[in-house]
1. Which residue, 69, 97, 82, has the largest displacement toward the positive end of the dipole of the stretch 51-101 when charges sit on each Cβ (Lys, Arg +1; Asp, Glu -1)?
2. In a shell of Cβ-Cβ distance under 11 Å around residue 108, excluding residue 108 itself, what net charge do Lys and Arg (+1) and Asp and Glu (-1) give?
3. Taking the Cα centre of the chain as the origin, how large is its charge dipole in debye, to the nearest 20, when only Lys and Arg (+1) and Asp and Glu (-1) carry charge on their Cβ atoms?
4. What share of Cα pairs, in percent, lie more than 21 angstrom apart in the stretch 1-123?
5. Ignoring ligands, DNA and RNA, please state the percent of accessible area on the chain from carbon and sulfur, probe 1.4 Å.
6. Using the alpha-carbon centroid of each, what span in Å lies between the stretch 139-170 and the stretch 188-231?
7. Please list 3J(HN,Hα) in residue order for the stretch 52-64, calculated via the Karplus relation 6.51 cos²θ - 1.76 cosθ + 1.60 where θ = phi - 60°; whole Hz, with x for glycine and proline.
8. Tell me, what is the per residue accessible area of the chain in Å², probe radius 1.4 Å?
Amino acid sequence: MEIEFSEKFLRVLKDAKYTAVSTGAGVSAESGVPTFRGEDGLWKKFRAEELATFEAFQANPDLVWEWYQYRREIINKIKPNLGHYAIAEFSNLFDKFQLITQNVDGLHRVAGSEDIIELHGNIKRNRCLECGDINYDEEFAEFPPLCKCGGRLRPDVVWFGELLPAGALEKAYEAAKGCDLFFTVGTSGVVQPAASLPSAARQHGAFVVEINIEATELTFIVDQHFRGKSGEILPAIVDKIKELRGLK
Ligand code: OAD
Ligand code: ZN
């Protein structure tokens, strides 16, 4: 895909030593993972407060587990797209790189990214409410599933009103504040605290770029906005970085 690079952005791409990328559901949309707030978004069909809160889980663990098993089935069938693979290449193109995601689908890891800050957890993981044990089981002897210790298992994701995993937010802020170039990709920018990372990056001097098919809450604070699909724009940016750095 042909995209237009401003002089400023070209200079930053050439010189950036430390880049951070923060992703949301949009980066997985081209793989077939439903987003949350779009026209066919999950929150148009389901009520978040009935499914993605601890209160909902306590009141109706069967329903909440069914919903997560349904989403796991979708995720198990799909593959990363060109956007995930482009991001995986970023780590080889800069001295320092940090990936931050709100996604729980694990597709960045499948595409080859390492050291990923998963702000909202991982849908493939189960955690015991009693002993804290983690496992990746997908089939369960009983439903709703129980841990070996007899405690109740839950999906190891962050629900509304819950704290992010210990250390994840601190590490994400460190990256936002320390990087020279920050990308916010495929997120509507309405869920805190993830939505504050681009402005933290900007305040600390990073050049901030948004990639999204539409304008968002974040568009007005970024230095550069690319309107289009992440699976098309990110590979074009990777190509340009390689060209600027004499890597192709
Ligand atoms: P949203 O569904 O709110 O936003 C997805 C964004 O991706 C929108 O801004 C779309 O315009 C954009 N988009 C869609 N397809 C795209 C594509 N091919 N390329 C680029 N952009 C595209 O999802 P998030 O912002 O990730 O939290 O939502 C944040 C959090 O809200 C989620 O992590 C989840 C949800 O409730 C929890 O469950 C805690
Ligand atoms: Zn247990």
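The values are calculated or read from the model by the stated rules, or taken from the named source; none is laboratory data. All values reported here derive from a predicted model rather than from experimental measurement. In this analysis, Cβ positions are derived from the backbone assuming ideal geometry, glycine residues included, and neighbour counts consider all displayed protein chains. In case anyone asks, the SASA skips ligands and DNA or RNA and just uses the protein heavy atoms, side chains included. Shrake-Rupley method; radii C 1.70, N 1.55, O 1.52, S 1.80 Å.
1. Highest projection toward the positive end goes to 82.
2. -3
3. Taking the Cα centre of the chain as origin, the dipole is about 500 debye.
4. Above the 21 Å cut-off, the stretch 1-123 has 49 percent of its Cα pairs.
5. 48
6. Cα centroid of the stretch 139-170 versus Cα centroid of the stretch 188-231: 30 Å apart.
7. Result, ordered by residue: 10, 9, 5, 4, 4, 5, 5, 6, 8, x, 4, 5, 5 Hz.
8. Spelled out: the 1.4 Å probe surface of the chain, per residue, equals 49 Å².
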